[in-house]
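A.B. asks: Below you will find the structure I want to go over with you.
The values are calculated or read from the model by the stated rules, or taken from the named source; none is laboratory data. None of these values were measured; they are calculated from a predicted model. Note that each Cβ is placed from the backbone with ideal geometry, even for glycine, and that neighbours are counted across all protein chains shown. Note: areas computed on protein heavy atoms with side chains; ligands, DNA, RNA excluded. Shrake-Rupley method; radii C 1.70, N 1.55, O 1.52, S 1.80 Å.
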Amino acid sequence: MSCLLCDISEKLQKGKHKEVKELVEQALADGFSAKDIFEKGLLDGMSEIGEKFKINEVYVPEVLVAARAMKAGVEVLKPYMAAGDIKPAGKVCIGTVKGDLHDIGKNLVKMMMEGKGIEVVDLGVDVSPENFVETAKNEGCAVICCSALLTTTMGAMKDVVDLLTAEGIRDKVKVMIGGAPITDAYCKSIGADAYTSDAASAADVALSFCK
């Protein structure tokens, strides 16, 4: 791989957002394709951060600065994305379920998913089952990701699964769930498709579902 693309990946991992922006501009000027810069520079760097995060080599602050650096690089590539040179790996919608206002975990998952090249529709917090399902239908999302931090709100995840069934699109949309009180057993009991215990794993699973 080109040293320049390696540099982009390395600087991204260190959270050097200004340098990432300049290197992306330089790579474009040097004739690299936007697709290669995105995949072999930016996504490669975020993938490394995701792997390190999984094994506790880096923590949330490092992920946040790396995500900011990725955003700086993506801004430069935006015109190429609009022109269709770079296609997202898939599309998901994410939100914290109805009655729950916690969003730190959700935001981390969103960053990790974007770091895999997935387009993420962020519905925010206190999201109704209807809003999840309508968004998935209207936006063509392959996956709905539901987050909850409270035992009192996690029941809303089952409502999302049930509503997808009622709408006749349960086979078209995967449901992923996560959050402090959630377990794999709970995931199976409500008929959801996947539970992951950390943001980096969630991004990996979402990517496999999008494919």
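A.B. asks: Which angle between 0 and 90 degrees, to the nearest 10, do you get for helix 129-139 versus the longest principal axis of the chain when only C-alpha atoms count?
C.D. replies: Orientation of helix 129-139: about 40 degrees from the principal axis.
A.B. asks: Which of rounded, prolate or oblate describes region 95-140 when judged by the alpha-carbon gyration tensor and an a/c cut-off of 1.5?
C.D. replies: Because a/c hits 1.5 or more and a/b fails to exceed b/c, region 95-140 counts as oblate.
A.B. asks: Per DSSP H run of n ≥ 4, the term is -39500 (n - 2.57); total these for the chain, divide by its residue number, and report the mean residue ellipticity at 222 nm rounded to 500 deg cm²/dmol. Walk me through the numbers before you get to the answer.
C.D. replies: On the way: 9 runs with 110 residues, N = 211.
One gets -16500 deg cm²/dmol as the mean residue ellipticity at 222 nm.
A.B. asks: If I stretch the segment between residue 134 and residue 82 completely, what's the gain in nm (0.36 nm per residue apart, minus their alpha carbon distance), one decimal? Working shown, then result.
C.D. replies: On the way: separation 52, 0.36 × 52 = 18.72 nm, distance 2.46 nm.
Taking residue 134 through residue 82 to full extension adds about 16.3 nm, to one decimal.
A.B. asks: Quick one: P(r) of region 42-128 from all Cα-Cα pairs, 10 Å bins, percents rounded to integers, in order of increasing distance.
C.D. replies: Percent of Cα pairs in each bin: 17, 44, 31, 8.
A.B. asks: Which of rounded, prolate or oblate describes region 120-171 when judged by the alpha-carbon gyration tensor and an a/c cut-off of 1.5? Intermediate values should be presented prior to the final figure.
C.D. replies: Details: a/c = 2.21, a/b = 1.31, b/c = 1.69.
Taking the square roots of the gyration eigenvalues as a ≥ b ≥ c, region 120-171 is oblate.
A.B. asks: Summing +1 for each Lys or Arg and -1 for each Asp or Glu, what net charge is found among the other residues whose Cβ lies under 10 Å from the Cβ of residue 163?
C.D. replies: -3
A.B. asks: OK, next. Which of 161, 20, 60 ends up with the largest GNM mean-square fluctuation for the chain, with Cα atoms connected below 10 Å?
C.D. replies: 60
A.B. asks: Follow-up. If you place +1 on the Cβ of every Lys and Arg and -1 on the Cβ of every Asp and Glu, how big does the dipole about the Cα centre of region 14-55 come out, in debye to the nearest 20? Kindly include the intermediate steps, with their values, before the conclusion.
C.D. replies: Numbers: 8 positive and 9 negative charges, 48 e Å.
Here region 14-55 has a charge dipole of around 240 debye.
A.B. asks: Does anything in region 25-47 have its amide N under 16 Å from the 7 Å Cα→Cβ label point of residue 6, and if so which residues?
C.D. replies: It comes to 40-42, 44-45, nothing else.
A.B. asks: Same structure, new question: Enter the accessible area per residue of the chain (Å², integer; probe 1.4 Å; all protein chains in place). Present the calculation step by step, with values, prior to reporting the outcome.
C.D. replies: Values: 9990 Å² over 211 residues.
Here the per-residue accessible area is 47 Å².
A.B. asks: Can you tell me which of 129, 181, 61 moves the most in a GNM of the chain? Springs connect C-alpha atoms under 10 Å apart.
C.D. replies: 61
A.B. asks: Choose one answer from 72, 166, 148: the residue with the largest mean-square fluctuation in a GNM of the chain with alpha-carbon springs under 10 Å.
C.D. replies: Of 72, 166, 148, the most mobile in the Gaussian network model is 166.
A.B. asks: Here is a follow-up. For a Förster distance of 35 Å, can you work out the FRET efficiency between the beta-carbons of residue 29 and residue 125, rounded to the nearest 0.05? Walk me through the numbers before you get to the answer.
C.D. replies: Values: r = 41 Å, r/R0 = 1.19.
For residue 29 and residue 125, the calculated efficiency is 0.25.
A.B. asks: Now for a different question. Around residue 145, what is the net charge, scoring Lys/Arg as +1 and Asp/Glu as -1 over all other residues with Cβ under 12 Å from its Cβ? Present the calculation step by step, with values, prior to reporting the outcome.
C.D. replies: On the way: positive: 91, 106, 110, 174; negative: 122, 193.
Summing Lys/Arg as +1 and Asp/Glu as -1 gives +2.
A.B. asks: Carbon and sulfur together cover what percent of the accessible area of region 1-52 at a 1.4 Å probe radius?
C.D. replies: Details: 1200 of 2600 Å².
Whole-percent figure for carbon plus sulfur exposure: 46.
A.B. asks: With labels modelled as points extended 7 Å from the Cα through the Cβ direction, what inter-label distance (nm, one decimal) is found for residue 162 paired with residue 56?
C.D. replies: Placing both labels 7 Å beyond Cα along the Cβ direction yields 3.9 nm.
A.B. asks: Another one. Name the long-range amide H neighbours of residue 175: under 5 Å, sequence gap of 5 or more, or other chain; modelled H, no Pro or chain starts.
C.D. replies: Counting only residues 5 or more places away or on other chains, the set is 144, 193, 194.
A.B. asks: Along region 50-61, what does the Karplus equation 6.51 cos²θ - 1.76 cosθ + 1.60 (θ = phi - 60°) give for ³J(HN,Hα), rounded to whole Hz, x for Gly and Pro?
C.D. replies: In residue order, the calculated couplings are x, 5, 5, 5, 4, 9, 6, 7, 10, 10, 3, x Hz.
A.B. asks: With r defined as the distance between the Cβ atoms of residue 39 and residue 151 and R0 fixed at 45 Å, what FRET efficiency is calculated, to the nearest 0.05?
C.D. replies: Values: r = 40 Å, r/R0 = 0.90.
Computed FRET efficiency for residue 39 and residue 151 comes out at 0.65.
A.B. asks: Now for a separate question. To the nearest 20 debye, what charge dipole does the chain have about its Cα centre, counting +1 at the Cβ of each Lys and Arg and -1 at the Cβ of each Asp and Glu? All intermediate terms of the calculation are to be shown ahead of the outcome.
C.D. replies: On the way: 25 positive and 32 negative charges, 16 e Å.
Dipole about the Cα centre, nearest 20: 80 debye.
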